[in-house]
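Before any comments, here is the structure.
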């Protein structure tokens, strides 16, 4: 009997360098003390969040990392949780990593990303007979170089992968990266045809469906959310189409009923970082799906998981066991 969740896709390391100022071309700038290395990507964030949420939930990590110190760090992070199986993580070459230049004076960050081994992750890396999960989740579309390639039958290589996951008895789930580009309409719809669950933010939903979800001032166009969710289901999402944003979580399931749940009103000083909040929300919804919860209850858990993530600067450090996460729903009021 299948049980648990397999999280596949992006695995990388962020390396932060505090610099005194941004240099002109050809100039030298000093790097301050305080260089930090942290794991990131859908696999590292979602799998760890799920592992903390429920230490009894079987989890499998799948992807490709390098034979280097960054790859060691990723395996060390995942290996700290006994319920995460890393036997489907392959090693080759150099790990994907992002150099984050943090301009201390200006408070701005500049990013230099290298896809490395992660960019070569494709279906040839998958041994389906070794995947025993109930749900196969992969992220992020637009950031998986080999799988974002065209496929003459399925539209993209990633869509083909999702179809094969279904054929092996799993439900499928996707996430997307918030890239500034026009590639959404090309790469996301083919995957939606073979997705049981899609959990993305309002920008990604807007870019995928073409339905405006924020106006020129940045205000959320709440009246357009049901239309965007129905468009996602019309593109192929079989079970839950879910959109998350700071204002709350919204979804539509097979019964076509619209669910909207407001986020929590967190006190001043509570939020210490927003990195990983979207992945935490996704982990909560996936947990609800694996446990056969209602969509409304799963979105509530996603909201609580995101709130937990916001309590710490790191991507996963704020997550806590299920009881502790659910207490946040009782502790704080909802936004209007």
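The values are calculated or read from the model by the stated rules, or taken from the named source; none is laboratory data. The structure displayed is predicted, hence computed values, not measured ones. Every residue, glycine among them, receives a Cβ derived from its backbone with ideal geometry; neighbour counts consider all protein chains shown.
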**Message:** Conditions first: (1) over 29 Å from residue 155 (Cα atoms); (2) surrounded by 15 or more Cβ atoms within 10 Å (Cβ to Cβ); (3) under 15 Å from the mean Cα position of the chain (by Cα). Residue 260 passes all but one, so which condition is the exception?
**Reply:** (3)
**region 241-265 residues that are at positive phi and in contact (Cβ under 8 Å) with a residue 60 or more places away in the chain, paired with ones that are surrounded by 19 or more Cβ atoms within 10 Å (Cβ to Cβ) and assigned to a strand (DSSP E or B) (beta carbon under 7 Å, 6 or more apart)** = 248/261
**Prompt:** Name the residues in region 55-82 that are outside any strand (DSSP E or B) and either touching a residue at least 60 places away in the same chain (Cβ under 8 Å) or closer than 24 Å to residue 101 by Cβ (or both), would you?
**Reply:** 55, 57, 58, 66, 68, 69, 70, 71, 72, 73, 74, 77
**Prompt:** When residue 143 is evaluated against the numbered criteria (1) assigned to a loop (DSSP other than H, G, I, E, B); (2) in contact with a strand residue (DSSP E or B) (Cβ under 7 Å, 6 or more places away or on another chain); (3) modelled with pLDDT under 95, which criterion, by number, is the only one it fails?
**Reply:** (2)
**Prompt:** Which residue pairs have Cβ atoms closer than 9 Å, lie 6 or more positions apart in sequence or on different chains, and pair a first residue in region 41-54 that is in contact (Cβ under 8 Å) with a residue 40 or more places away in the chain and on the phi > 0 side of the Ramachandran plot with a second residue that is assigned to a helix (DSSP H, G or I) and buried (at least 24 other Cβ atoms within 10 Å of the Cβ)?
**Reply:** 41/74; 41/118; 41/279
**Complete:** For region 86-108 the number of residues that are closer than 25 Å to residue 177 by Cα and either touching a helix residue (DSSP H, G or I) at 6+ places or on another chain (Cβ under 9 Å) or exposed (fewer than 12 other Cβ atoms within 10 Å of the Cβ) (or both) is 13
**Prompt:** Out of curiosity, is residue 43 in a strand (DSSP E or B) and within 30 Å of residue 301 (Cβ to Cβ)?
**Reply:** no
